[in-house]
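Accompanying notes for the structure given below.
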Amino acid sequence: MNEVQEQSSQVLFVHLMHVLKKYTDVCVLMALLSDQADLKEVKTTAGEIALHKMHMKVPRLAVQRSFDRLSDLGLIDIRVHANTRTHVTVNRDAVLAFLRQPLPSRLPGLSAREFPFLEAWAADRAMAESLSPADESSAQVLQ
């Protein structure tokens, strides 16, 4: 990754995907980091993360398994309280150590390479955003 590249949440997500190689683990870690669990203990549940942070794109049981994997890797510390919320802290130093692993700049998501599909996608998104709700139903009929 280029040293001057912006350190955004998107860049962090892509970098974690290449290092951890498990989508649900990255989603859970990102959710915990966005809740500042690297600075303070966060009280949450697997169901809460699945519903509110992942909008049910990741099932509750997958979040629970990610808790276990991230804990095994030393990236998070968990204190489980029976029938209540789980207390989670992100081990900031361990996450930063994972992020220090060098990655080839040509990996997908890290490369600055432009190609025609990106322009087509940007144009498609711009068109979709410019449609009003009435126009959207027309666009669906055209497809």
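The values are calculated or read from the model by the stated rules, or taken from the named source; none is laboratory data. Remember, predicted model here, so these are calculated numbers, not experimental data. Note: ideal-geometry Cβ built from the backbone for every residue, glycine included; neighbour counts use all protein chains shown.
Could we say that residue 47 is surrounded by fewer than 19 Cβ atoms within 10 Å (Cβ to Cβ), more than 14 Å from the chain's Cα centre (by Cα) and on the phi > 0 side of the Ramachandran plot here?
no
At least 2 residues that are modelled with pLDDT under 90 in each: list the helices (runs of 4 or more DSSP H) lying fully within segment 1-119 that qualify.
Result: 9-20.
Being surrounded by fewer than 10 Cβ atoms within 10 Å (Cβ to Cβ) and at pLDDT 85 or above is the filter here, so list the residues in segment 127-136 that pass it.
129, 130
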